[in-house]
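Worksheet: one structure, shown below.
What follows is calculated from the coordinates using simple rules that are stated; it is not laboratory data. In this text the structure is predicted, and so the values were computed from the model without any measurement. As a convention, Cβ positions derive from the backbone with ideal geometry for all residues, glycine included, and neighbour counts pool all protein chains shown.
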Amino acid sequence: MGTALATHAAARGWDVTLLMGPAPIAPTDTAVRMLRFRSCADLQALLAKETPGADVLVMAAAVADYRPKVDPAFFGGKFRRKSENLTLELEPTPDLLAQVASARRPGQYMVGFALEPRAELMQSARDKLVRKKVDMVVGNPLETMDSPDVEAIVLTAKGEEFRTPSLMTKADFAPWLLSLIEGAVAGR
């Protein structure tokens, strides 16, 4: 989704920087400035550097909600296989969208996404809009994950609700969503 949004935003004349994880897809518009990251910490650092200068931030995907918790006992050498089980503990990753939204400058417009089971989608999107203090949340049913198609509900902090007219390809969805963002930014 991020590459489709970046490509279409650049085609509209936006100055686009795409923060991209380890994915094989790249934007087709060469005007898109792409910065790669591998970890949540890498993305956190890039957001801290790039977000202050952005007028619009679209966080189309989360890195992960949890990561392995590092046990200091593993440092200092090789961890050898033993005949006992090993338990992996997970810890939550920082909420990067909430972090950048809490430090935003006046006039910035922030958009998040909510990928949720269909039965929880509306409530989760509403909750995310309030909890993260963003301007817009794009809710997608879990079934659309890794799909070429999108079915979305867009909620705004102003109480507006928009639904995709039908199941749309990501290439068709990107300009549809960008039009909503442009309209919201212009209507402030």
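Suppose only helical runs count, i.e. DSSP H with n ≥ 4. What mean residue ellipticity at 222 nm does that imply for the chain under -39500 (n - 2.57) per run, divided by all residues and rounded to the nearest 500 deg cm²/dmol? Before the final figure, lay out each step's value.
On the way: 5 runs with 56 residues, N = 188.
The per-residue figure over the chain is -9000 deg cm²/dmol.
With a ≥ b ≥ c taken as the square roots of the eigenvalues of the C-alpha gyration tensor of the stretch 88-184, please select rounded if a/c is under 1.5 and otherwise prolate if a/b is larger than b/c or oblate if it is not? Intermediate values should be presented prior to the final figure.
Numbers: a/c = 1.74, a/b = 1.12, b/c = 1.56.
Oblate, because a/c is 1.5 or more while a/b does not exceed b/c.
Within 13 Å, Cβ to Cβ, of Tyr66, how many net charges do the neighbouring residues add up to if Lys/Arg are +1 and Asp/Glu are -1? Can you show the working numbers first?
Working: positive: Arg67, Lys69; negative: Asp65, Glu89, Glu91, Asp95.
Once all neighbours under 13 Å are counted, the net charge is -2.
Find me the longest stretch of the chain that has none of the exposed chymotrypsin sites (Phe, Trp or Tyr not before Pro), where exposed means in a DSSP loop (not H, G, I, E or B) with at most 12 other Cβ atoms within 10 Å.
Numbers: sites that count: Phe75, Phe79.
That gives 80-188 as the longest site-free run.
Going down the list Lys49/Lys133; Lys69/Lys170; Lys49/Lys158, which pairs span over 25 Å between their C-alpha atoms? Intermediate results must be reported in sequence, preceding the final value.
On the way: Lys49/Lys133 20 Å; Lys69/Lys170 35 Å; Lys49/Lys158 29 Å.
Check vs 25 Å cut-off fails for Lys69/Lys170; Lys49/Lys158.
Measure nothing fancy, just the Cα-based angle from helix 40-50's long axis to the longest principal axis of the chain, in degrees from 0 to 90, nearest 10.
40
DSSP loop (so not H, G, I, E, B), at most 15 other Cβ within 10 Å: list which GluC sites (Glu not before Pro) in the stretch 103-188 pass both filters. Don't skip to the end; give the middle numbers.
Details: sites: Glu120, Glu143, Glu151, Glu160, Glu161, Glu182; in loops: Glu151, Glu160.
Within the stretch 103-188, the qualifying GluC sites (Glu not before Pro) (loop, at most 15 other Cβ atoms within 10 Å) are Glu160.
Please give the net charge around Asp149, taking every other residue with its beta carbon less than 13 angstrom from that of Asp149, where Lys and Arg add +1 and Asp and Glu add -1.
On the way: positive: Lys170; negative: Glu143, Asp146, Glu151, Asp172.
Net charge around Asp149: -3.
The chain: D in µm²/s via Stokes-Einstein (Kirkwood Rh, Cα pairs, 20 °C, 1.002 mPa s)?
On the way: Rh = 18.0 Å.
It comes out at roughly 119 µm²/s.
Name the trypsin sites (Lys or Arg not before Pro) in the stretch 80-146 that are in a loop by DSSP and that have at most 12 other C-beta atoms within 10 Å, would you? Walk me through the numbers before you get to the answer.
Values: sites: Arg80, Arg81, Lys82, Arg104, Arg118, Arg126, Lys128, Arg131, Lys132, Lys133; in loops: Arg80, Arg81, Lys82, Arg104, Lys132, Lys133.
Within the stretch 80-146, the qualifying trypsin sites (Lys or Arg not before Pro) (loop, at most 12 other Cβ atoms within 10 Å) are Arg80, Arg81, Lys82.
Taking 25 °C and 0.890 mPa s as the conditions, I'd like the Stokes-Einstein D for the stretch 65-125 in µm²/s, using the Kirkwood hydrodynamic radius from alpha carbon pairs. Can you show the working numbers first?
Values: Rh = 16.0 Å.
Translational D for this selection: 153 µm²/s.
Compute the distance from the alpha-carbon center of the stretch 124-171 to that of the stretch 91-108, in whole Å.
The distance from the Cα centre of the stretch 124-171 to that of the stretch 91-108 comes to 19 Å.
I need two numbers for the stretch 9-55: Rg to one decimal and Dmax as a whole number, Cα atoms only, in Å.
My reading of the Cα-based Rg and Dmax gives 11.2, 31 Å.
Nearest 10 degrees is fine. How inclined is helix 121-131 to the longest principal axis of the chain, computing both from alpha carbons?
Its long axis makes an angle of about 80 degrees.
Give, as a single signed number, the net charge of other residues whose beta carbon lies under 15 Å from the beta carbon of Ala119, with Lys and Arg counted +1 and Asp and Glu -1. Working shown, then result.
Working: positive: Arg118, Arg126; negative: Glu116, Glu120, Asp127, Glu143, Glu151.
Overall, the nearby charge balance is -3.
Using the per-residue mean of other Cβ atoms lying within 10 Å as a proxy for protection, in what order, highest first, do the peptides 1-10, 17-26 fall? Before the final figure, lay out the partial values.
On the way: 1-10: 22.4, 17-26: 13.8.
Answer by packing, highest mean first, reads 1-10, 17-26.
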